[in-house]
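K.L.:
Can you read through this structure? Questions will come right after.
Rule-based calculations on the coordinates, nothing more; no lab input. Because the structure is predicted, anything quoted here is derived from the model rather than measured. Backbone-built Cβ (ideal geometry, glycine too); neighbour counts: all protein chains shown.
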Amino acid sequence: MARAMWSGTISFGLLNVPVKLYSAVARRNIALREIRESDSARIKHRRVAEGTDEEVPYENIVKAYELSPGQYVALSKDEMEALAPEKTRAIDVLDFVDIEEIDPMYFNSPYYLGPAESAEKAYSLLAAAMEASGKAAITRFVFRNKEHLAALRASDGTLTLTTMRFADEVVPPSDLDDAIPDKKPKVAKKEREMAEQLIDSLSTKFDPTAYRDEYREQLLALIEQKAEGKEIVAPEAEAPKATKAPDLMAALEESIAAVKGKGDEKAAKPKPKAKAKKAAKKSKAKSTRKSTGSSRSKAKASK
């Protein structure tokens, strides 16, 4: 039985739907400890006052904002609690928007919303209405002592809630100084068409199960091999070289040819069976013609 992380009510207009919040993500991280290489002693991190070896108890630690190096504005726990958002149990709907209008950069963590006891009908009604509209609700709610912006969506009769970043948390490209050049190099029409052709040839329907965490799989395999006492020789990693401007067309043409080659290989796999069937039909027809011819010759000889 899944355990709810939060419970509250979706509120918009005069409609209130009691719901429970569940995580939609299963963390698959591999937990690694820090040890001293020489004797495998565990490394522990302590909270110590700078310049001393004195460990500071958690209750004596307060938050502070650094105005300049070494100059802080300390904020007491009471002051921080006074600023904390009001702990409401409401997911307030602010607006309904087309989900395509939301840039994926604004999305953060996904959750499932399930109906609370005796709220199944109201939950199903809201999910059905939202799914039919194709809209997402922009909401605001307090979770883990922090106010969140979130997108409420419906799919297959299930409501999902994805926390979002506020506008000032997403860095616009204009703030990156010279990282992204203001002047865009001129792109030839033929180069653009070739690039579009390559994109089109690699386009497919999104299937999340087609992608694996290869790093995690390799790390697990490495751990297993080392646990078995096998000697590991790490291969040298070579970074791919950037394609130079004069070679862009050649690289695009080779990429398209390579993709077509893979497609031809896939298409060619069932063909041997078809050829075998045709060959079998031909040989059967030949044998039939031979048998017919021999029977005719025998008939003529008998005459």
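K.L.:
With a 10 Å Cβ neighbour count serving as the proxy for reagent exposure, in which order, fewest first, do Leu125, Leu161, Leu176, Leu252 appear?
P.N.:
Listing Leu125, Leu161, Leu176, Leu252 from fewest to most nearby Cβ atoms yields Leu176, Leu125, Leu252, Leu161.
K.L.:
Long-range amide H contacts for Ala116: which residues qualify at under 5 Å (H placed 1.01 Å from N, peptide plane, sequence gap of 5 or more or a different chain)?
P.N.:
Val19, Lys20
K.L.:
What is the order of Lys63, Lys87, fewest Cβ neighbours within 10 Å to most? Walk me through the intermediate numbers first.
P.N.:
Details: Lys63 12, Lys87 8.
Placing the least packed residue first, the sequence is Lys87, Lys63.
K.L.:
Pulled fully out, how much extra length does the chain show between Ala258 and Thr209, if you take 0.36 nm times their separation in residues and subtract their Cα-Cα distance?
P.N.:
Gain on extension, Ala258 to Thr209, equals 15.2 nm.
K.L.:
With +1 on the Cβ of every Lys and Arg and -1 on the Cβ of every Asp and Glu, and nothing else charged, how large is the dipole of the stretch 42-125 about its Cα centre, in debye rounded to the nearest 20?
P.N.:
Charge dipole, the stretch 42-125, about its Cα centre: 500 debye, nearest 20.
K.L.:
Taking amide H atoms as placed 1.01 Å from N in the peptide plane, list the residues 5 or more away in sequence, or in a different chain, whose amide H sits under 5 Å from that of Ser109.
P.N.:
Those lying under 5 Å, H to H, from Ser109 are Thr163.
K.L.:
Quick one: Karplus J couplings for the stretch 130-147, per residue in order, coefficients 6.51, -1.76, 1.60, θ = phi - 60°, nearest Hz, x for Gly and Pro?
P.N.:
5, 5, 5, 6, x, 9, 10, 9, 8, 10, 9, 7, 9, 9, 6, 6, 9, 7
K.L.:
Tell me which residues come under 5 Å, amide H to amide H, from Phe143 once H is placed; ignore anything under 5 positions away on its chain.
P.N.:
The answer is His148.
K.L.:
Mind listing the phi-derived Karplus ³J(HN,Hα) values for the stretch 41-51, rounded to whole Hz, using 6.51, -1.76 and 1.60 with θ = phi - 60°, and x for any glycine or proline?
P.N.:
Rounded to whole hertz, the list is 6, 5, 9, 10, 9, 10, 8, 10, 6, 4, x.
K.L.:
Return the sequence-ordered ³J(HN,Hα) values of the stretch 11-17 in whole Hz as given by the Karplus equation 6.51 cos²θ - 1.76 cosθ + 1.60 applied to θ = phi - 60°, using x for Gly and Pro.
P.N.:
10, 8, x, 9, 8, 10, 10
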